[in-house]
């Protein structure tokens, strides 16, 4: 007997079932992003103010942070891996490759191990991010390396990316948002 996929608890709300506040928020979201709320935003639309504030933070963290794009995408993939968040992983896998993150690095992250070969910036971001996720803090030595590499704004952006994509992962893991099959790349679940 095969195990069926968990039911999507909070699927996208059809337009005809949206409240006036949800419609207004969905229109504002689409005007800014060019597409209707999907993924974590479709979940968050149940609380329109949360969704719009999350969008505003995401607009900065995803598109305008001070980190090199390959580093930014690596941190997003690391966060998706830590939360086994299929939707974010499947979307950002492609973006990471486009940003120049090496496939061996992505594969190592998917397997839950430290990549063998990284640039100094990638290694500093990896160490910072993995410590933050797994130890809920960052050691002085790791902080000093990241500070030298990225500056204070980079430290905030590294931390912000981890926090923001953790927030998105929590939303979708609670909602049981299904994987977007069109994107293809998936994560194996780690044993509990």
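The values are calculated or read from the model by the stated rules, or taken from the named source; none is laboratory data. Owing to the predicted nature of the structure, the values given are computational and were not obtained by experimental measurement. So basically every Cβ, Gly included, is an ideal-geometry build from the backbone, and we count neighbours across all protein chains shown.
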Original post:
Inside the stretch 1-103, counting only helices (runs of 4 or more DSSP H) that do not spill past its ends, which hold 3 or more residues that are outside the structural domain of residue 169 (by TED's automatic domain parsing)?
Top reply: 20-33, 40-44, 48-63
**OP:** Out of 169, 185, report the one residue that is under 26 Å from residue 43 (Cβ atoms) and not in a loop (DSSP other than H, G, I, E, B).
**Re:** 169
Subject >> Single match in 50, 15 (criterion: surrounded by 13 or more Cβ atoms within 10 Å (Cβ to Cβ) and touching a helix residue (DSSP H, G or I) at 6+ places or on another chain (Cβ under 9 Å)) >> reply: 50
Subject >> Candidate set: the stretch 126-163, residues that are surrounded by fewer than 21 Cβ atoms within 10 Å (Cβ to Cβ) and touching a residue at least 60 places away in the same chain (Cβ under 8 Å); chosen: the one nearest to the chain's Cα centre (by Cα) >> reply: 160
**OP:** Confirm whether residue 187 is touching a helix residue (DSSP H, G or I) at 6+ places or on another chain (Cβ under 8 Å) and modelled with pLDDT under 95.
**Re:** yes
Subject >> Those residues of the stretch 62-76 which are surrounded by fewer than 20 Cβ atoms within 10 Å (Cβ to Cβ) and under 13 Å from the mean Cα position of the chain (by Cα), in sequence order >> reply: 62, 63
Original post:
Is at least one residue of the stretch 169-183 over 22 Å from residue 55 (Cα atoms) and surrounded by fewer than 19 Cβ atoms within 10 Å (Cβ to Cβ)?
Top reply: yes
**OP:** Considering only the stretch 116-125, state which residues are free of Cβ contacts under 8 Å to residues at least 40 places away in the same chain, in contact with a helix residue (DSSP H, G or I) (Cβ under 8 Å, 6 or more places away or on another chain) and in a helix (DSSP H, G or I).
**Re:** 120, 124
